[in-house]
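See below for the structure under consideration.
The values are calculated or read from the model by the stated rules, or taken from the named source; none is laboratory data. These figures come from a predicted structure and were not determined experimentally. With ideal geometry, Cβ positions are generated from the backbone for all residues, glycine too; neighbour counts draw on all protein chains shown. When the accessible area is computed, the model is the full protein with side chains, heavy atoms only, and any ligands, DNA or RNA have been set aside. Shrake-Rupley method; radii C 1.70, N 1.55, O 1.52, S 1.80 Å.
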Amino acid sequence: MDPANLDTRPGSERPDGEAGVAPRSGTDPDRALWAEFADAASADAFCQAWLALQCRMIPGVRGGVLLLGAPDQGPFTPVAAWPEPRRSKIQHLAGVAERALRERQGLLQERDVNRAADPADLGAHEVAYPIQVEGRIHGVIALDLTTRSPQEFQEVLRRLHWGAAWIELLVRRKEALAEIHTKERLQTVLDLVATLAGETRFFAAATGFATDLATRLGCERVSVGCVRGGHVRIRAVSHSAQFGKHSNLIRAIGHAMDEALDQAATVVVPPLSDQTVQVTRAHEELGRLHEAGAICTVPLRSGTRQIGALTFERSGDRPFDAQTVEICEAIAAVSGPILEVQRREDRWLITKAADAAVTTLRHLVGPHHMALKLAALIVTGLVAFFALAQGDYRVNAKTVLEGQVLLAVVAPFDGYIVSAQVRAGDLVLDGQQVATLDDRELRLESLKWKSQHEQFRKEYNQALAQREAAQVEILSAQLGQARAQLALLEDKLSKTRLMAPMTGVVVTGDLSQSLGSPVERGEVLFEVAPLDAYRVILQVDERDIRDVHVGQTGQLLLSSFPNEPVPFTVEKITPVSTAEEGRNYFRVEAVLSHAPDRLRPGMEGVGKIDIDRRHLIWIWTHEILDGVRLALWKWLP
């Protein structure tokens, strides 16, 4: 059903000529109001028609006013009044409206007799009802009523409660439209940011960004400028990869950007209705010379610093409105830091280094940044200390302890091991038996040669008695051979017991697991080293051998005694290098100044040869510097 066909007048309750009732003359006034309400093109027209309908629905209404404002904040201002010709006569409703807003509930109060200028006002009442949407006060409606009973007052509040739903609908529509506009602006900003993020080089990113801006906002040209040397330089223009030939245009756009940055505000030409007075000379000159009817320049900021500007140009028939300017400012706020990061990252490496150095220097000499200043002071002090302070320069080397002499116990002849009294690590005395070889074959061989010797002796005596000179000579030689064989066997039998060649420690050899096994003549069975004579073998890196000389002293720390340094003196430098673990080492021999009783041959540790005193910074960095010199020498022509 068409609401314009509804007759909400109570008819018999409102006599003709009463305030707020229009006489019937062919056209139903309620039908006209409903038509205006349904066809309202603006919020003000909607509110005016709604208030007129609401006042005509409630009997005895002499006037009314609708106030709207920011939710729970205000200020709440009149947006509609009824009847229109008497708007000035409803100012007295401000008191009840303010009270209803404060108490957040519907109110009925009698007109103040002292303020009643018209006798008809005596006994009249004022009613106010707050308009709430989701618990937030958006406005209030206040009515001037003739005298009413409490029952009639409840009916008035019920009608206001039902009628307020239309205002709630209006509020929700506004919020929905605002949310849609916000989402559209946010989507536009995100799309443009995606355009920026899709490029790695600054010029390509800025050009694509400006072109996308011009397309989305319906601009003929969008320019991107960056601050350099106190003035703006144009870095990108929409739909143009090369714009240097348009020098006059580029210069005019740059002046317009400078003008906006000097004022640190957005400049719009022609200006908006609520815009403050601004200097727009450069913008007007740009529009005059290059036929740009509407221009908007928005500063680009990174933090609190102005880094550039965006200039939007349109034709004269499409000026910039407040909503478009707001979108431009939002885009500039988001894109400014991104453009600055891309511009800084797209510079030469040497420029970045110089900029970082200048920035650090400004932080050091300027105010604030106390932590950086303290850190720089500490680092400077440490560098100065290590550059001037001196320390002992010592060459480190892996060290092995060896006996000064090393005597071997070898097998005197081919035989078999019968017993072994010692093994590696045992202490032995000079002449102590260390092992025994099998002598059974030697004894049998000795018996054989003894019997032959006796036989040759008898034959010799017989030949001598018979005066056979030739036979005597032969037998004499055979007797000599037998005696030599017996002497040899006696010597071998005496060597079946192997003796320690000196007092010391057995370094190598363990025959306890080889009893009965054969040995060959000359095979090393044991090695014995003395306990009071050692030498130190140092493996010096070839990079440090130039500083090592015979006679230098040092100290040795063994893995077995890490808390007991042992002094030594360099005795010999072997001029032959050995490769180990990918490095070349020279063998340096040294003798101990004194040998503790706990030392044993084969112990390893770290030795340090004292060179001289040098600066600490050289001691810690000379290896790196030598490596750099070699690398440069290798690669330089």
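Against the main long axis of the alpha-carbon atoms of the chain, helix 247-263 sits at an angle near 80°. Charge dipole of segment 432-580 (Cα centre as origin; +1 on each Lys and Arg Cβ, -1 on each Asp and Glu Cβ, all else neutral): 840 debye, rounded to the nearest 20.
Mind ranking 124-136, 168-180, 422-434 by how tightly packed they are, going by the mean number of other C-beta atoms within 10 angstrom, highest first?
Details: 124-136: 19.2, 168-180: 12.8, 422-434: 15.4.
By packing density, highest mean first, the sequence is 124-136, 422-434, 168-180.
For the chain, relative contact order (Cα pairs under 8 Å, six or more residues apart, normalised by length) works out to 9 percent.
Sequence-ordered 3J(HN,Hα) estimates for segment 136-145 from the Karplus curve with 6.51, -1.76 and 1.60 and θ = phi - 60° stand at 10, 7, 9, x, 7, 10, 10, 10, 9, 10 Hz, glycine and proline given as x.
Amide hydrogen proximity for Q552: with H placed 1.01 Å from N in the peptide plane, the residues at 5 or more positions away or on another chain lying under 5 Å are V570. In order along segment 576-589, phi translates into HN-Hα couplings of 10, 9, 10, 8, 7, 6, x, 10, 9, 10, 9, 7, 10, 9 Hz, rounded to whole numbers, per the Karplus curve 6.51 cos²θ - 1.76 cosθ + 1.60 with θ = phi - 60° and x for Gly and Pro.
Legend: calculated FRET efficiency, T574 to I474, from the Cβ-Cβ distance at R0 = 41 Å, rounded to 0.05, equals 0.10. Helix 370-388: angle to the longest alpha-carbon principal axis of the chain, degrees 0 to 90, nearest 10? Once rounded, the angle reads 20 degrees. What the Cβ-Cβ distance of A487 and Q421 gives, at R0 = 25 Å and to the nearest 0.05, is a FRET efficiency of 0.35. Accessible area per residue for segment 366-464 is 63 Å², calculated with a 1.4 Å probe on protein heavy atoms, without ligands, DNA or RNA. Return one number: the angle in degrees, 0 to 90 and rounded to the nearest 10, between the long axis of the Cα atoms of helix 150-197 and the longest principal axis of the Cα atoms of the chain. It is inclined by approximately 40 degrees. Close amide-amide hydrogen proximity is noted between S560 and E604, each under 5 Å apart and 5 or more residues distant or on a separate chain (H modeled in the peptide plane; Pro and chain starts excluded).
Excluding same-chain neighbours fewer than eight residues apart, the lysines reachable from K492 by a Cα-Cα span under 23 Å are K448, K450. In order along segment 452-465, phi translates into HN-Hα couplings of 5, 4, 5, 5, 5, 5, 5, 5, 5, 5, 5, 5, 5, 6 Hz, rounded to whole numbers, per the Karplus curve 6.51 cos²θ - 1.76 cosθ + 1.60 with θ = phi - 60° and x for Gly and Pro.
In the list (1) 233; (2) 198; (3) 433, the label attached to volume of the Cα convex hull per residue in Å³ as derived from the coordinates here is (3).
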